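The structure under discussion appears below in the form of structure tokens.
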Amino acid sequence: MALVERVLPSTPVRDLADYRERYQGGRALEAARRIEASAVIDELVAAGLRGRGGAGFPTGVKWRTVLENRSEVLHTTVVVNGAEGEPGTFKDRTILRADPYAVLEGALVAAVVVGADTVVVALKSTFAEELARVRAAVAELAEAGWTEGISV
């Protein structure tokens, strides 16, 4: 039986080349840049994708609301909350430590779809390893051109 990795990879993703090879990384971002935002949101709604927070809010509903209510004056920002606000959970830091590329690609897809020009990744100051992994991944993504038009 094949190993199925739903959230965490069996071994940490080493770098962008590893992410591309193992998971065909970058395809979602490429698709988001080609497809109409409303079509991406319709797919999210149809798939039933929900957030990882305690409420499990429907992602497509959230993205549609942000897109439809963007300000013409203020910048739109995608925020990745990796600060582990729920007591006794370590999911955020574990995911960021194992595969920051998937998290960042998802944030970039969200930014493209909702028309955001900024992505902020919020982490606790004590998450030194995760912060280092995220910073290294952001640098690789920027060098590869993935962050074009979006400040991360």
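Since every read-out is calculated from the coordinates, none of them should be taken as a lab result. Since the model is a prediction, treat every value here as computed from it, not as a measurement. Positions of Cβ are generated from backbone atoms using ideal geometry, with glycine treated the same way; all protein chains shown enter the neighbour counts.
Only helical DSSP H runs with n ≥ 4 go in: add -39500 (n - 2.57) per run for the chain, normalise by residue count and round the 222 nm mean residue ellipticity to 500 deg cm²/dmol. About -15000 deg cm²/dmol. Were the residues from Leu49 through Ala31 laid out at 0.36 nm apart, the gain over their Cα-Cα distance would be 4.7 nm. Across the range 35-59, the residues whose backbone nitrogen lies under 17 Å from the label position 7 Å along the beta-carbon direction of Lys91 are 48-59. The C-alpha atoms of the chain define a longest principal axis, and helix 37-47 lies at about 60 degrees to it.
For the chain, the Kirkwood radius over C-alpha pairs fed into Stokes-Einstein at 25 °C and 0.890 mPa s yields D = 151 µm² per second. Principal-axis analysis of the Cα atoms of the chain puts helix 59-68 at an angle of about 40° to the longest axis. With a simple spin-label model that places each label point 7 Å from the Cα along the Cα-to-Cβ direction, the separation between Ser10 and Val73 comes to 5.5 nm.
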